[in-house]
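First comes the structure, then the notes that go with it.
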Amino acid sequence: MIPAAAITQSKGQPAVWVVRREGTEGAGKVDLMPVAVHGYHNDDVLVSGPSAGELVVAAGVQKMAPGLKVALPGVASKSETKRAAR
């Protein structure tokens, strides 16, 4: 189940943006992944496609582009960690 807001389209077919982590940085790059929709429940959609544990973009999907670098939630960047340690 993913939020319905995460669903977008690619060539007229349902898809989601998935974030691929990059090393130990607090960021990743997005890739568009096709999904199969199996049903709807309130504001959620049952899909197959992404593997368990993959990060799916649920807000701002209309602003995504292949390879776009995005910040990961709950991960402090190295510069933020250094400032907090001072």
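Nothing in this text is a laboratory measurement; each read-out follows from the coordinates by a stated rule. Since the model is a prediction, treat every value here as computed from it, not as a measurement. In this analysis, Cβ positions are derived from the backbone assuming ideal geometry, glycine residues included, and neighbour counts consider all displayed protein chains.
The figures follow:
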item: Point-charge dipole on Cβ atoms (K/R +1, D/E -1) for the chain, about Cα centre, debye to 20; result: 500 debye
item: Helical mean residue ellipticity (222 nm; -39500 (n - 2.57) per DSSP H run of 4+; nearest 500) of the chain; result: -2500 deg cm²/dmol
item: Pair residue 27, residue 51: separation of 7 Å Cα→Cβ label points (nm); result: 2.4 nm
item: Rg/Rg_globular for the chain, with Rg_globular taken as 2.2 N^0.38 Å and Rg from C-alpha atoms; result: 1.24
